[in-house]
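Asker: Below is a structure I'd like to ask you about.
The values are calculated or read from the model by the stated rules, or taken from the named source; none is laboratory data. Bear in mind that the values here come from a model prediction, so they are computed numbers and not experimental data. Reconstructed Cβ throughout: ideal geometry from the backbone, glycine too, with neighbour counts over all protein chains shown. Note: accessible area is taken over every heavy atom of the protein model, side chains too, but ligands, DNA and RNA are not part of it. Shrake-Rupley method; radii C 1.70, N 1.55, O 1.52, S 1.80 Å.
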Amino acid sequence: SSYSHFFKMRISVVTAAAFLVSQSEAFAPAALGVKRTSTFLLSSLAPNGVSATKTETTVAAAPKVAQRWRKSTKQLVTLGPASSSLEMIEKLFLAGADVFRLNFSHGSQEQKKELLDMIRSIEEKYSHPIAILGDLQGPKLRVGEFSNENGEVLETGQMFRFDLDEAKGDNKRVMLPHPEIIQASKPGHVLMVDDGKVKMTVVEAGNGYLDCHVDVGGKISNRKGVNTPDSILEISPLTPKDRSDLEYMLKIGVDWVALSFVQRPQDIEEIHKLIDMWTPEGEFKPAVMAKIEKPSCFFDDNLEKIVELCNGIMVARGDLGVECPPEDVPILQKNIIDECRSQGKPVVVATQMLESMIESPTPTRAEASDVATAIYDGADAIMLSAESAAGKFPEESVAMQQRIINRVESDSHYRTFLDSNAPGPENTPTDAIIVAARQISKTINAKAIACFSLRGTTVLRASKKRPNVPILALCPFKETARQLVLSWGVYPDLPKAGSYGYDVSEDDMFDYDAPVVEKGTDDLDIVLRNTCRAALRKGLVSDPDDLIVVTAGLPFGTPGAANVIRVLPAAGPACWDGECRVD
């Protein structure tokens, strides 16, 4: 197109950008402040009540939530009795929560739908995607009941039998209503009862019974849990309750599904088949997260295959810490994180991170170190369980995690650790573009890398490289944006028209209900302008001369394609070095 004239100025943020920021709950650090005042010409897009004459404004005009997004490591927060109100959920979001976990082990399905609706209302209010993870309970292996309702005390060194007899137990035996455990156990295998408080070794495995030597005595009572660290059980990770819950999750639209009791890669294939079968054609499918809590996940190449088959991993240190020696858990945690980073899959470290904050407003120093270690290891996210679900200080727990994240990520050692364990690029055009974008952003001191991505593939590859700047993810589908919230360093923009913004009117861009992806176009101007708007809303830019490195795939709508790099000033695609064209 021809240019009528050039207008010399130090800022040219399109009026629509200023309007969007003023009308939304913009996220930007309070420290941006008013850097300088500049004059520019308002266009015909000026909102009602604003005349199209010269006015004075700044780039960082309307930040409301200080430091909300200035972090790379994400926070996954469990909801429960202590955090079930709209007011509290909003407080947790503003304190730092990126993903909310709905634990289907407790409460009704209808309660989970109420929580989901509250989260979606907060998402709409703040115009930022929030991910929702539904956590399946999985099989619960428990002993039977005893004649003495108070249970029995087993002495170290005695013998004890597990069998299939339904008669109530005593000091010598009890029913184990799980024949698969008896079938899988062999002499020398260890059984642990009540989270490892009582430990036994199988001496004899017979037809329908196990005779065990009590290695560590203690009290055993009705329906206490049993762990089998040495055995792979021939049972599905999905109980009838889990299947019902999974079907309900698909109906209400969770973004992630966490699968418990994963023993082998076939378990991931099983849940994928159910999701494929129960998801209507053309509908979005939730991402699958495998909870690593069984030693069998580390047999042979099981871990590598499990990570390959799922979309994300949770290091579930609760059961893992029961079934593995405590001294092994930190090493296993690092191995899991390394494998996920090498494959570009997000990984969450969970369980007992700030356990003392269930009762105390401050954590122990050991807990703070534990959270910091997970961050230094390169985890994408860290999780709170009972601290936020049932504790006395849910908001303080989330805020404390964010404080630890900010402190670690500002430490020079953090970048050293990330770079020392960075996976190499794959031999693909997309990886070449991402590596180049990372280097360019470092060379020119860019403020962000912006990735256009249809289903998140390019964004995940960018996150895998752990760049020095935030990754602004621009997706046409809100479901994709929500799933990307979990990934390290990613700031997804919330799409409102199923569109990148080209060939769409300003009003249509804010219509949630009619997602349409337009066909390819050579006119990138509107698309790039929307990139600047999104960066401004997130507080990633603070000056019209701030630079953004943009990656995209042409033609638009090609999954996984990235073949274009462009350096874009925050003032917009019509500007460079302080000069902006006006059509």
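Asker: Given the whole protein assembly as supplied and a 1.4 Å probe, what does the accessible area of Leu454 come to in Å², nearest 10?
Answerer: Approximately 30 Å² for this residue.
Asker: For the range 252-362, compute Rg over Rh where Rg is the Cα radius of gyration and Rh is the Kirkwood radius from the inverse mean 1/r over Cα pairs.
Answerer: 1.02
Asker: Does anything in the range 148-175 have its amide N under 20 Å from the 7 Å Cα→Cβ label point of Arg223, and if so which residues?
Answerer: Flagged as within label range: 148-153, 163-170, 174-175.
Asker: Let me ask something else about it. Give a quick list of GluC sites (Glu not before Pro) in the range 189-247 that DSSP marks as loop, anything other than H, G, I, E or B, with at most 14 other Cβ atoms within 10 Å.
Answerer: Those satisfying the criteria are Glu234.
Asker: Also, quick follow-up: Sorted by accessible area (1.4 Å probe), largest first, how do Trp576, Trp278, Trp256 line up?
Answerer: Result of the area sort, largest leading: Trp576, Trp278, Trp256.
Asker: Students sometimes get this wrong: rank Ser72, Ser369 by accessible area, probe 1.4 Å, all chains present, largest first.
Answerer: Ser369, Ser72
Asker: Nearest 0.05, what FRET efficiency do Gln343 and Asn468 give at R0 = 25 Å with Cβ-Cβ as r?
Answerer: 0.70
Asker: For the range 196-333, what size does the Cα cloud have along each of its three principal axes, sorted from largest down, in whole Å?
Answerer: 56, 33, 25
Asker: Simple spin-label model, 7 Å along Cα-to-Cβ: Leu554 to Ile440 in nm?
Answerer: The modelled label-to-label distance comes out at 1.3 nm.
Asker: I'd like to know how the range 159-263 sits against the 2.2 N^0.38 Å rule of thumb: what's its Cα Rg over that expected value?
Answerer: Computed over Cα atoms of the range 159-263, the ratio equals 1.26.
Asker: Which value in Å does the Kirkwood hydrodynamic radius of the range 298-349 take, with 1/r averaged over all unlike C-alpha pairs and then inverted?
Answerer: That comes to 11.2 Å for the range 298-349.
Asker: Suppose R0 equals 41 Å. What FRET efficiency, 1/(1 + (r/R0)^6) with r the Cβ-Cβ distance, do Gln266 and Glu579 give to the nearest 0.05?
Answerer: The formula returns an efficiency of 0.10 here.
Asker: Could you name the lysines whose alpha carbon sits less than 29 Å from that of Lys172, not counting residues in the same chain fewer than 8 places away?
Answerer: Lys140, Lys186, Lys197, Lys199, Lys219, Lys224, Lys294
Asker: Can you tell me the dipole magnitude for the range 298-381 around its Cα centre, using point charges on the Cβ only (Lys, Arg +1; Asp, Glu -1), in Debye to the nearest 20?
Answerer: Roughly 280 debye for the range 298-381.
Asker: Expressed in nm to one decimal, what extension gain is obtained for the pair Glu283 and Arg120 from 0.36 nm per residue of sequence separation less their Cα-Cα distance?
Answerer: Contour length minus the Cα-Cα distance gives 56.8 nm.
Asker: Past 29 Å, Cα to Cα, is the threshold; run Lys285/Lys447; Lys74/Lys334; Lys113/Lys465; Lys241/Lys305; Lys125/Lys447 against it and keep the listed order.
Answerer: Result: Lys285/Lys447; Lys113/Lys465 exceed 29 Å.
Asker: So what is the relative contact order for the range 302-396, in percent, with contacts set as C-alpha pairs under 8 Å and at least six apart?
Answerer: 29 percent
Asker: Leaving ligands, DNA and RNA out of it, work out the accessible area of Thr362 with a 1.4 Å probe and give it in Å² to the nearest 10.
Answerer: Counting only protein heavy atoms, Thr362 exposes about 80 Å² to solvent.
Asker: Aspartates and glutamates near Lys345 by alpha-carbon distance under 14 Å, same-chain residues fewer than 8 away left out - which ones?
Answerer: Once the sequence-local aspartates and glutamates are set aside, what remains near Lys345 is Glu304, Glu308, Asp380.
Asker: So between Asn335 and Ser410, what do we pick up on full extension, going 0.36 nm a residue minus the alpha carbon distance?
Answerer: 24.6 nm
Asker: May I pose another question? At a 10 angstrom cut-off on C-beta neighbours, averaged per residue, how do the peptides 282-290, 164-172 rank from highest to lowest?
Answerer: Packing proxy ranking, top to bottom: 282-290, 164-172.
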